[in-house]
1. Can you tell me which residue is farthest from Thr171 (Cα to Cα) among those in the range 111-130 that are open to solvent by 10 Å² or more (accessible area, probe 1.4 Å) and at pLDDT 95 or above?
2. Return yes when His59 is of a type outside the set (S, T, N, Q), at pLDDT 95 or above and touching a Ser or Thr at 6+ places or on another chain (Cβ under 8 Å) and no when it is not.
3. In this structure, does Thr91 turn out to be of a type in the set (S, T, N, Q), open to solvent by 10 Å² or more (accessible area, probe 1.4 Å) and modelled with pLDDT of 90 or more?
4. State all residues of the range 38-48 that are open to solvent by 20 Å² or more (accessible area, probe 1.4 Å) and within 16 Å of Glu127 (Cβ to Cβ); if no residue qualifies, say none.
5. Would it be correct to say that Arg293 is in contact with a Phe, Trp or Tyr (Cβ under 7 Å, 6 or more places away or on another chain), among the basic types (Lys, Arg), within 26 Å of Ala81 (Cβ to Cβ) and surrounded by 15 or more Cβ atoms within 10 Å (Cβ to Cβ)?
6. Somewhere in the range 270-287, is a residue crowded, with 21+ Cβ neighbours inside 10 Å, touching a residue at least 60 places away in the same chain (Cβ under 8 Å) and in contact with a Lys or Arg (Cβ under 7 Å, 6 or more places away or on another chain)?
7. Taking the range 194-214 only, how many residues are touching a residue at least 60 places away in the same chain (Cβ under 8 Å) and closer than 29 Å to Ile150 by Cα?
8. Scan the range 107-129 residue by residue and report those that are of a type in the set (A, V, I, L, M) and not in a loop (DSSP other than H, G, I, E, B).
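The values are calculated or read from the model by the stated rules, or taken from the named source; none is laboratory data. Since the model is a prediction, treat every value here as computed from it, not as a measurement. Cβ coordinates were reconstructed from backbone atoms using ideal geometry, including for glycine residues, and neighbour counts include every protein chain displayed. Ligands, DNA and RNA are excluded from the accessible area calculation, which covers all protein heavy atoms including side chains. Shrake-Rupley method; radii C 1.70, N 1.55, O 1.52, S 1.80 Å.
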Amino acid sequence: MTDLIRASRHLPARAALPTLSVAPIHIPVPDRPRPLALRVTLPVPAAGQGPLPVVLLSHGHGPSLYLSSLDGYAPLAGFLAGQGFLVIQPTHASSRSGGLGADAPGAPLFWRMRVAEMTAILDRLDEIAALIPGARPISGAAPRPDRDRIAAIGHSMGGQTVGMLLGARLTDPTDPAARDVNLIEPRIRAGVLLAAPGRGGDALSAHAAAAWPALNPDFSHMTTPSLVVCGERDDNPHLTTMGPAWHADPFHLSPGARALLTLAGAGHGLGGIAGYDAKETDDEDPDRLEATRRLMAAWLRSTLDPTDPVWEQAVAALRDLAPGLGWVEGR
């Protein structure tokens, strides 16, 4: 075990609970030609268990066939469930496995449908919980989602999806029907943007501006409390002319972003959040992965329950015990 891994484990986290993962669960979504497939990962239900805080986890638009679906992001989903969260992962319309296909309206990013899919999950939380096989025989009742503690996490393109749920608006300069689009979801109380796209306009590369004009968010309306996570070396010249700083835009340009976590030496994969031993994990590193998920879980716990001091404890531990892993800027 390296010194950094030892240090990363000084970051506070609860003792991991045993977890249960169920897939696929299908729900209808308005105007979607086929049902949305989900994975739900949660602590193994136990007698007397109270309502569980909910995390909606929006995948990216990466090159792998299955990571951008309900079958990806196990390093995050499993960890968060072990920390006491009920984690729901949709297979978005943009997915290469189980999506709507490259010739469907809205392709390839399906930015409107991705948001609609997340909203549909919130509309059907109790139904989703009731569909989890295996939970009822263990505890005698379906797990209960806590509607007062709902968060959303998005990686890469999922970060844009979640940013819109948190209040960021979007104007697609090529679409007259997409002007200052407002899809904020007030049921979501906290958000985490992981390596999310930054601002559009002159910050985009010529290729991105031509191929993906919808990468044009306005963060000035993003008011929901948010944590922004960036990699120090997350440079995407095919998307932006701004270098790694582009991914910090949601922090600097939004009123709701409360903290910016920058991971030292990290690329777009932030240590391996999308999957273990995966081709799109450009910086697989157990130190960074541990730091990413522990700090993220601490942020969610303290934001959804302001009496929980674990976020302040985690920031202090990072600063004092593991400064080589990264740093936090707050406001």
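1. For the range 111-130, the residue satisfying everything is Arg124.
2. yes
3. Taking the combined requirement at face value, the residue does not satisfy it.
4. Arg39
5. Criteria met by Arg293.
6. yes
7. 3
8. Within the range 107-129, Met113, Val115, Ala116, Met118, Ala120, Ile121, Leu122, Leu125, Ile128, Ala129 meet the criteria.
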